[in-house]
Amino acid sequence: MTTPTQHDGHHSRGSFATRLGIILATAGSAVGLGNIWRFPVETGQNGGAAFLLVYLMCVVFLGVPMMTAEFVIGRRTHTDIASAYQRLAPHEPWYVTGYAGILCVTLILSYYSVVAGWILRYAVAAVQGTMSSMTNASAFFESFSTATWPPLAYTLLFILLTHLIIVRGVQRGIESFSKLMMPLLAVMLCLLAAGSMAMPGARAGVTFLLRPDFSKVDASVVLSALGQAFFSLSIAIGCLSTYASYFRREVPLLKTAANVVALDTLVAIVSGFIIFPAVFSVEGVGADAGPGLVFVTLPSVFSSLFSGTPALGYAFALMFYLLLVLAALTSTISMHEEVTAFFVDRYHVSRRRAATYMTIVAMLLSTLCCLSFGPLRDFRPFMGRGFFDAFNDVTALWIMPLSGIVLSIFVGWRLPRDLVEDELTSGGLHRVPRWLVSTFFVLIRWVAPVAIGLIFANSLIA
Ligand code: PHE
């Protein structure tokens, strides 16, 4: 009997070589600006430890099973996300979700690259040591981000860097890069956290981050936690299924998902312990916990550190922005890879050509996002929103939650249960306890669609 599963050509499309490589590449996709920049901001603003608790529930009970579900689709079919749905359920409209994922990831890459470009600019400033003179960081940020050419150049440069890794291939590009960069990222993260916790304001910073304020936890905070969890774990839009299409048969899916979720969450929490203690150590720097944190507040912290102990300020700023550049880069390559894989698998073009197509699309769209802070500031065609905000909203508030619901229903109800179990156990190779398999099914069949649906509906009413 032929199953809609085995695909002879998959060896030629490459695969990850080692388990460590798989975990580091997938964690690389997950760990990004979402962890280091967005998570501390959300936690600080939404009730500290109370938010953290809701977030942890989201990643454990929804993140792990949803990530595993995406792995099942990718590893079973060894193809891009749109073809994967088509192969598993031919002539049924599920594949629309695959296309939605491809669209979503393209839009995310476009606005994400703009922020990554800003980060790159700050990293350059840190290398040059000019951060010491950035006493008025807010004016610097304002004039840089609203200009035309400089932010555009950095944005496009970031996409070019992504392209250069992608064209090297799955093993020599993505896997090698992740294996090199993720350990480096971990070391920098630890050094920064140690440095930050040794600063005089550490206690106040930690208190600010973690003070549990349960009165803040309402429906919109739960939605934020869920949105943050999905974004941070790169869930539901096909990145993970594309990576899983390069997994070998013996990779244990549940365990890999659990490892990646744990790493991603750890990085997010440690980032909070880097940012807030540092912010609270410098007098006169307000604990503005908003999105300007990384571009306005922290440069002021670094600059005042610099004037006290220049070497320390230099090292701190350099490490922090390099950390962000690396984290962002391992995420953008996973977004790029999803669409590159789509062109390769669907249209049978060479990898280099596929990557070039995607790079051109991403460059065009990110140009629009980048300029929406400058010359296109008043061009707001999407219900009063410019490109950057519109891309952000449509992906985070619509495509991600809706794709999440479809993904869980597809794997929970549409796919034959034994097919899913076969993937979970790698065809009987791994012994996965019964209770774990049953729990997986309860979560993916009932808890995930109902919880995401309720939270999504609530956000429409609110
Ligand atoms: N997870 C990444 C981050 O935390 C962002 C991302 C979203 C990557 C969607 C891929 C797909 O920054």
Kirkwood hydrodynamic radius over Cα pairs of the range 296-440, then Stokes diffusion coefficient at 4 °C and 1.567 mPa s, in µm²/s: 64 µm²/s
Can you give me the convex hull volume of the Cα atoms of the chain, divided per residue and expressed in Å³? 141 Å³
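Can you tell me, using C-alpha contacts under 8 Å and at least 6 residues apart, the relative contact order of the chain as a whole percent?
Numbers: 732 pairs, mean separation 149.5, N = 462.
In percent, rounded to a whole number, it is 32.
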How high is the relative contact order of the range 388-462, in percent, counting Cα pairs under 8 Å that sit 6 or more residues apart? 46 percent
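Given a Förster radius of 22 Å and the C-beta distance between Leu103 and Ile461 as r, what FRET efficiency does 1/(1 + (r/R0)^6) yield to the nearest 0.05?
Values: r = 26 Å, r/R0 = 1.18.
Calculated transfer efficiency: 0.25.
Assigning unit charges at the beta carbon (Lys, Arg +1; Asp, Glu -1) and nothing else, what dipole magnitude in debye, to the nearest 20, does the range 207-281 show about its Cα centre?
Working: 5 positive and 4 negative charges, 39 e Å.
Once rounded to the nearest 20, the dipole reads 180 debye.
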For the range 399-416, in residue order, the Karplus 3J(HN,Hα) values (coefficients 6.51, -1.76, 1.60; θ = phi - 60°; whole Hz; Gly and Pro = x) are 5, 4, x, 5, 5, x, 5, 5, 4, 5, 5, 4, 6, x, 10, 7, 6, x
Computed ³J(HN,Hα) along the range 356-372: with the Karplus parameters 6.51/-1.76/1.60, θ = phi - 60°, integer Hz and x for glycine or proline, the list is 5, 3, 5, 4, 5, 4, 4, 5, 5, 5, 6, 4, 4, 5, 5, 6, 5
Taking Ser176, Ser133, Ser372 and counting other beta carbon atoms within 10 angstrom, the fewest-first order is Ser133, Ser176, Ser372
Suppose a student asked you for the relative contact order of the range 35-188, using Cα pairs under 8 Å spaced at least 6 residues apart; what percent would you report? 13 percent
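Based on DSSP H runs of at least 4 residues, each adding -39500 (n - 2.57), what is the mean residue ellipticity at 222 nm of the chain after dividing by all its residues, to the nearest 500 deg cm²/dmol? Could the numbers behind the result be given before it?
Numbers: 21 runs with 311 residues, N = 462.
-22000 deg cm²/dmol, from helical runs alone.
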Taking the Cβ of Arg445 as the center, what net charge do the other residues with Cβ under 12 Å away carry, scoring Lys and Arg +1 and Asp and Glu -1? +2
Charge tally for neighbours of Leu419 with beta carbon under 13 Å away, counting Lys, Arg as +1 and Asp, Glu as -1, is +1
Name the residues whose placed amide hydrogens come within less than 5 Å of the amide hydrogen of Ala236, ignoring near sequence neighbours (fewer than 5 apart) on the same chain. none
Give me the net charge for the shell around Tyr99: Cβ to Cβ below 15 angstrom, other residues only, Lys and Arg +1, Asp and Glu -1. -2
With the dipole of the range 339-439 defined by +1 on each Lys or Arg Cβ and -1 on each Asp or Glu Cβ, the option from Trp398, Ile360, Leu376 whose Cα lies farthest towards the positive pole is Ile360
Can you work out the Karplus-derived ³J(HN,Hα) for every residue in the range 232-248? Use 6.51 cos²θ - 1.76 cosθ + 1.60 with θ = phi - 60°, whole Hz, and x for glycine or proline. 5, 8, 6, 8, 5, 10, x, 4, 6, 5, 5, 4, 5, 5, 9, 7, 7
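How large is the charge dipole for the range 305-462, taken about the Cα centre, if only the Cβ atoms of Lys, Arg (+1) and Asp, Glu (-1) carry charge, to the nearest 20 debye? Let's see the in-between values first.
Numbers: 12 positive and 10 negative charges, 24 e Å.
That gives the range 305-462 a dipole magnitude of about 120 debye.
Read-outs: derived from the displayed coordinates by stated rules, not from any lab. These figures come from a predicted structure and were not determined experimentally. Every residue, glycine as well, gets a Cβ built from its backbone with ideal geometry; the counts of neighbours run over all protein chains shown.
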